[in-house]
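These notes concern the structure reproduced below.
The values are calculated or read from the model by the stated rules, or taken from the named source; none is laboratory data. On a predicted model such as this, the values are computed, not experimentally measured, just so you know. Cβ: placed from backbone, ideal geometry, glycine included. Neighbour counts: every protein chain shown. Each accessible area value is taken on the protein alone, full model and side chains, heavy atoms only, with ligands, DNA and RNA left out. Shrake-Rupley method; radii C 1.70, N 1.55, O 1.52, S 1.80 Å.
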Amino acid sequence: MEYRPLRIIISGGGTGGHIFPAISIANKLKELNPESEILFVGAEGKMEMEKVPAAGYRIEGLPIVGLQRQLNMKNIINDIQVPFKVCSSLNKARKLIKSFKPDIAIGVGGYASAPLLWTAQQMGVPTLIQEQNGFAGLANKVLGKKAGSICVAYEGMERFFPADRIVMTGNPIRKEIVPAKAEAILEGLDYYSLNPDKKHIFIVGGSLGSGTLNKSMKKWITEGCIGGENVEIIWQCGRYYKAGIDAFMEDARAKGIGGKNLESIHHFDFIARMDLAYAVADIVISRSGASTVSELCAAQKAAIFVPSPNVAEDHQTHNAMALVRKDAALMVKDAEAEEKLMASALYLLKDNRKVLTMQKNIAALALPDAALTIAQEAYKLVK
């Protein structure tokens, strides 16, 4: 296939689960032809407005916001503004497309994706959707009717999209996430100051952290870190929660809660070296966002998922169950996590046969060349 220079708009964002795959696709397109021009379109005030320029790409923001379902005055005011901001976003999307003149528009999900892709379709620009989850959202289901290609990561997506345009690609992930080798494990043990004679649990709550995972850890610590004698934990609590967790841990040490086991808990607001954290982990406890699930498949790690209940269409549960049904992961419901999560993790940690089975089964689901496959699909759509 000839990879001529293209003008490409990539739209979407809102969370790291949308942004990092989008950047992976952009990087691969630039790798195929460094002369291609790429413009990102995100939502004003969202994290893509910081992360995308840091990755070396230009980004424009749309004033789009989403409907809030919880009933309070702040959300009512937000929801009243939604139709006006949608119209404003559609107008700005049209101006961006007219000035940038893209050969193709790629949507990765998130607030900005829908108005940009819908406008592109109305203006005759080829579009590609990258649906990361096992349950498609309403916007992508509508956009999929006119999209040239729908790149998916889960089986059975013909429930939502025209079957003849679905391509199984997997989700793009960071290139450094690979099955752990001995050197990476040793580097990770040193990097996180871990004891090689202990087993290791990695708890990751995403870029913003997870209140449920943090509460589950705090309850386990408060009850004395029962069963944690030969375990060390890397706990990514999130920037939003870091100050509170710092105070909690300081208080626990002062009161002697958890004894020596408390010293085996290493908490961080953010994990810069995810590759090393995955490498040293015997098991991983995580939410089940699409990108995280794909990274765990690539890293070949036994995982316990706690799906977030605060996402549209409950797609994190669908993501997790796709692996649970294949004996590639376990799942604990969010509402049951405080009572069951740490006990389940420690029980799994003792079952070497179960861990090895889960590692084997999750590895079989990995699609490590997703970014390249998606980039090639984009080229196929450009006439």
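Segment 275-351 and segment 196-227 have their alpha-carbon centroids 13 Å apart.
Of the accessible area of the chain, computed with a 1.4 Å probe over protein heavy atoms only, carbon and sulfur atoms account for 53 percent. How much length would be gained if the chain were fully extended between ASP327 and LYS219, taking 0.36 nm per residue of separation minus their Cα-Cα distance, in nm to one decimal? Extra length from ASP327 to LYS219 when fully extended: 36.1 nm.
Exposure here means at most 15 other Cβ atoms within 10 Å; with GluC sites (Glu not before Pro) in a DSSP loop as sites, the longest stretch of the chain lacking them is 230-383.
Within a Cβ distance under 12 Å of ASN171, other residues only, what is the Lys/Arg minus Asp/Glu net charge? That works out to -2. For segment 133-255, averaging the sequence separation of C-alpha pairs within contact (under 8 Å, six or more residues apart) and dividing by the residue count gives a relative contact order of 19 percent. Calculated FRET efficiency, ASP246 to TYR3, Cβ-Cβ distance, R0 = 45 Å: about 0.40 to the nearest 0.05.
Just flag the chymotrypsin sites (Phe, Trp or Tyr not before Pro) in segment 216-278 sitting in loop per DSSP whose Cβ has no more than 14 other Cβ atoms within 10 Å. Answer by residue number: PHE270. A full extension of the chain between LEU186 and MET123 corresponds to an added length of 17.3 nm, given 0.36 nm per residue minus the alpha carbon distance.
The lysines within cross-link reach of LYS92, meaning a Cα-to-Cα straight distance under 28 Å and a gap of 8 or more places when in the same chain, are LYS28, LYS30, LYS46, LYS51, LYS74, LYS101, LYS141, LYS145, LYS146, LYS380, LYS383.
Anisotropy class assigned to segment 296-383 is oblate, per the alpha carbon gyration tensor with a/c at or over the 1.5 cut-off and a/b no larger than b/c.
Only Lys, Arg, Asp and Glu carry charge here, each on its Cβ (+1 for the first two, -1 for the last two); on that basis segment 209-359 has a dipole of about 160 debye about its Cα centre. Using C-alpha pairs below 8 Å separated by at least 6 residues, the relative contact order for the chain is 16 percent. Please go through the residue pairs LYS333/LYS360; LYS218/LYS301; LYS175/LYS340 and name each one whose alpha carbons sit more than 32 Å apart in this structure. Table pairs above 32 Å Cα-Cα are LYS175/LYS340. Only helices enter this figure: runs of n ≥ 4 DSSP H residues, each worth -39500 (n - 2.57), summed and divided by the residues of the chain, yield -13500 deg cm²/dmol at 222 nm to the nearest 500. The modelled label-to-label distance for the pair ALA54/LYS340, using points 7 Å beyond Cα in the direction of Cβ, is 3.6 nm. Taking Cα centre as origin and charging only the Cβ of basic (Lys, Arg, +1) and acidic (Asp, Glu, -1) residues, the dipole magnitude of the chain rounds to 1020 debye. Full extension of the chain segment joining MET168 with PHE84 gains 26.6 nm, where the gain is 0.36 nm per residue of separation less the Cα-Cα distance.
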